[in-house]
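The values are calculated or read from the model by the stated rules, or taken from the named source; none is laboratory data. The model shown is predicted, which means the values in this text are computed figures rather than measured ones. All Cβ positions, even for glycine, are placed from backbone atoms using ideal geometry, and neighbour counts span all protein chains on display.
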Amino acid sequence: MSSNTQQSASERALLVHLYFSQQPDAEDVEEFSPLARAIGVEVVDLLTIPCREPQPKYVMGSGKAEEIQQMVKALNINVVFINHVVSPSQERNLSRLWECQVLDRTGLILAIFAKRARTYEGKLQVELAQLKHLSTRLVRGWTHLERQKGGIGLRGGPGETQLEVDRRLLRERIKYLTARLKSVRKAREQSRRSRNRAEALTVSLVGYTNAGKSTLFNALTGAMVLSADQLFATLDPTVRRMHIPQIGTVVLIDTVGFIRELPHDLVEAFRATLEETQLADLLLHVVDASDPQITEKQQAVQIVLEQIDADKVPQLLVYNKIDKISVPEHIDRDAQGLPYRVWVSSVTQQGIDLLQQAISELLSQEHITLTLHLPASKGRIRAQLYAEHAVLSETITEEGEWQLEVRLPLGVLERLFADNGKTWEAYRFNLEE
């Protein structure tokens with residue numbers, strides 16, 4: 001069974017955590033079981049095994065590998081997950097010894113992503129990452145080829161030919177998927193250009209997987225995006241519009257959760273999607289405030305942001321799940337008085353209004369406030385201003401004109417009036433600095 005095969009709930013899994021230091025990394029061990037359960041298997045046991053250094057044949061010592069062989073038989077194990085990088089030859093040797101499927105950390109994460117992908121783009125991205133991972137494991141890796149070795153003077157006979165066919169099919173499929181993803185990327189760029197023409201500000205949610213991004217997304221937008229207490233519950237990006245006081249309409253994007261040591265092929269495959277994060281006006285870095293590894297997971301997210309060149313985008317920390325630690329909602333501010341962290345609970349809605357306020361303050365530098373005098377003939381512009389949630393107040397003058405105090409991005413203001421034949425300066429009453 002290959003790494004892209006989805007596990008069934010009836011499969012029994014043994015987890016093996018290898019560590020090459022004095023003590024096992026408690027964070028890695030704690031994260032390992034939820035990773036395995038995310039694919040739907042029954043976790044029978046978790047072994048933590050110390051190793052001086054990786055061994056070439058089994059990655060672990062032969063004696064320990066044989067001990068695990070007995071456990072696999074006794075416990076009727078179908079699959080063994082190893083929380084370490086395993087080479088193709090080591091994976092093949094262990095599979096033969098234990099007579100079951102063996103997946104390392106990368107293979108496990110790829111299998112989870114394959115199960116979670118729902119959209120066409122997401123499925124393309126995951127398949128591309130899987131095939132790139134599989135291509136490194138084709139070197140005499142399939143048992144059916146071993147029965148086809150040639151005799152003296154031959155370097156592999158039909159077996160080598162079959163291997164070349166497999167490699168060629170993989171290359172062709174990878175080439176096809178890459179081309180399809182380029183087309184998807186062009187469509188995404190067109191959508192982004194449309195948003196730019198409308199001067200819509202973009203806010204992107206980022207954070208460690210299971211930090212509560214999707215629940216927060218639902219709380220801010222009223223959407224019904226899947227949210228569950230499991231790793232990688234949401235894989236495909238979701239885009240919705242939301243209203244922010246004093247700002248107006250803002251585009252909010254929910255992205256895939258990050259994780260430590262996210263496989264490089266996945267980062268590359270999802271680069272087109274993650275460009276939405278790179279080009280956002282503001283990142284909401286969602287953190288599980290109740291997580292004891294809060295600092296380490298924040299650092300893991302920063303590493304991925306650096307990989308996709310999004311680490312320079314302004315960030316607002318959102319400490320989520322305060323209902324679990326009995327901390328009141330509040331805003332922390334920096335030396336300049338700007339918000340840098342907001343404490344909220346997306347489940348109980350605590351602090352959501354404070355979060356909207358903080359977003360408004362950080363995005364307000366892109367906006368202007370002014371008063372417009374519009375004659376009755378400009379009702380269309382008035383309606384458009386209301387549609388942008390840009391109107392702060394309105395009065396009607398003795399002459400029957402609308403006097404509107406508005407706040408909105410300068411680009412939106414220019415677009416609205418350009419579409420109606422005159423520049424906005426012709427209707428300006430007063431510009432507040």
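Just to check your reading of the model, which residue among 100, 51 is in contact with a strand residue (DSSP E or B) (Cβ under 7 Å, 6 or more places away or on another chain) and under 30 Å from residue 298 (Cβ atoms)?
51
Can you tell me how many residues in region 39-68 are crowded, with 16+ Cβ neighbours inside 10 Å, in contact with a helix residue (DSSP H, G or I) (Cβ under 7 Å, 6 or more places away or on another chain) and closer than 12 Å to residue 93 by Cβ?
Matching residues across region 39-68 total 3.
Out of everything in region 233-246 that is at pLDDT 80 or above and either of a type in the set (A, V, I, L, M, F, W, C) or not in a strand (DSSP E or B) (or both), what residue ends up being nearest to the chain's Cα centre (by Cα)?
239
Any residue at all in region 115-124 that is among the hydroxyl-bearing types (Ser, Thr, Tyr), farther than 23 Å from residue 172 by Cα and surrounded by fewer than 22 Cβ atoms within 10 Å (Cβ to Cβ)?
For region 115-124, residues among the hydroxyl-bearing types (Ser, Thr, Tyr), farther than 23 Å from residue 172 by Cα and surrounded by fewer than 22 Cβ atoms within 10 Å (Cβ to Cβ): absent.
Assess whether residue 212 counts as being assigned by TED's automatic domain parsing to the domain that holds residue 342, over 24 Å from residue 387 (Cβ atoms), modelled with pLDDT of 70 or more and touching a Phe, Trp or Tyr at 6+ places or on another chain (Cβ under 8 Å).
Spelling it out, it is not the case that residue 212 is assigned by TED's automatic domain parsing to the domain that holds residue 342, over 24 Å from residue 387 (Cβ atoms), modelled with pLDDT of 70 or more and touching a Phe, Trp or Tyr at 6+ places or on another chain (Cβ under 8 Å).
Residue by residue, here is whether (1) in the same structural domain as residue 240 (by TED's automatic domain parsing); (2) at pLDDT below 50; (3) under 30 Å from residue 281 (Cβ atoms) holds:
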| site | (1), (2), (3) |
| --- | --- |
| 108 | no, no, no |
| 128 | no, no, yes |
| 136 | no, no, no |
| 146 | no, yes, no |
| 152 | no, yes, no |
| 168 | no, no, no |
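Somewhere in region 101-108, is a residue free of Cβ contacts under 8 Å to residues at least 40 places away in the same chain and crowded, with 20+ Cβ neighbours inside 10 Å?
Looking through region 101-108, at least one residue is free of Cβ contacts under 8 Å to residues at least 40 places away in the same chain and crowded, with 20+ Cβ neighbours inside 10 Å.
Quick one: is residue 383 in the same structural domain as residue 281 (by TED's automatic domain parsing) and surrounded by fewer than 16 Cβ atoms within 10 Å (Cβ to Cβ)?
No, not satisfied.
With respect to residue 344, is the statement that it is in contact (Cβ under 8 Å) with a residue 40 or more places away in the chain and either assigned by TED's automatic domain parsing to the domain that holds residue 242 or surrounded by fewer than 17 Cβ atoms within 10 Å (Cβ to Cβ) (or both) true?
So residue 344 fits the description; yes.
Out of 83, 78, 93, report the one residue that is in contact with a His (Cβ under 7 Å, 6 or more places away or on another chain), among the polar types (S, T, N, Q) and modelled with pLDDT of 85 or more.
Answer to the check: 83.
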